[in-house]
Amino acid sequence: MKRSNGIFWGGLLVLFGVFWLLRNMGLLDIDWYEFFRFWPVLLILAGFSLLLSGSRRGGVGGGVAGILIALAVLGAITHRTDRAFDRHRNDWNFKWDGNDDDRYYHNDDDDDSRSSKRRSKRGGTLQNNHYEYEMEGELAEASLNFEGGAGSFKLKGTTDKLFEAKTRSSLGGFISNIRNNKLENSAAIDFKMEENKVEIKDGNLKNEVNMSLNEKPRWNVDLAIGAGKADFDFSKHQIKSLKVSTGVADVDLRFGGLADATDVKIESGVASVSIEVPTSVGCEVRVDGALNVTNLDDLKSMGDGRYQTPGFDQATKKITIRYEAGMSKLKIRRY
């Protein structure tokens, strides 16, 4: 067994050495995203190492197994983080069509478009901006697509406007537009950071966004957050769907019991996510990830990474949460 162990790991080290040499010589081009997809293989190899080392402790097999497990964790985190960013990668470049104005959206269909009212006040290197869209008529449904990069982001309370935001940033302003569909009685709002060259002076970097939504429409919300702190209170809104994509962030979400059904999807790399759900609403959570620490209150395991509150199937109002992460902490609190 000892000889087999030496042959196995000796051959593996030679293989990795040749692989790295060819890469450094420019003879081997590796797509690291595709490479990290196969991080579970490292766990399999670590298992072989432990099996081949038998009952001996502290041997080469155990040491190599530790290295492989560490690489597997890195691969899992990298893969999950890249997936979380990939859906918005092109949007974060903020390259808009040359025919479009930064503040306006034009469409020849039945959709109506207009610019936001924006008030800007510069103070030193900081920009203080205000954005808003009027609530026109009785909209049945509205969408918010928000991309904020890194910073501190909050959504609190309600507003008589359809959408309102105040920003304070050293990274520049935001690009906003709205599309009204009168036939479907709906509206879609895009709110994204401008593409600017970031200059950090005196080590100061600030990006704060405070948003409010009208409580009347049913909302579909898509949030893309690179890093930082996010606190979104939807307890006074009917949330039909929510998507959150984040890399490294601390995210707090709070839901009310106003919508009959709410679908939530969260993709993150390394994050701490806390979600508050009323006890009057049935809750199901599906967790998929390598290393996730979970605290799910009264939800019971149903197997295969699925958790439900008691009586979920009979609940008149439900929220379903799909959670995909590399290494994170997920907490569900019932209130």
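What follows is calculated from the coordinates using simple rules that are stated; it is not laboratory data. Computed from a predicted structure; not experimentally measured. Here the Cβ is made from the backbone with ideal geometry for all residues, glycine too, and neighbour counts use every protein chain on show.
The calculated FRET efficiency for the pair Ala261 and His130, based on their C-beta separation and a Förster distance of 35 Å, comes to about 0.55. Cβ crowding within 10 Å ranks Ser152, Ser169, Ser268 as Ser152, Ser169, Ser268, fewest other Cβ atoms first. Length gained on full extension, Thr316 to Glu194, computed as 0.36 nm times the residue gap minus the Cα-Cα distance: 39.7 nm. For the pair Lys216 and Arg334, a Förster radius of 25 Å applied to the C-beta separation gives a FRET efficiency near 0.40, rounded to the nearest 0.05. Each residue in Phe312, Phe191 was given a count of other beta-carbon atoms within 10 angstrom of its own, and listing them fewest first yields Phe312, Phe191.
Taking Cα centroids, how far is region 303-327 from region 212-264 in Å? With region 303-327 and region 212-264 each reduced to a Cα centre, they are spaced 17 Å.
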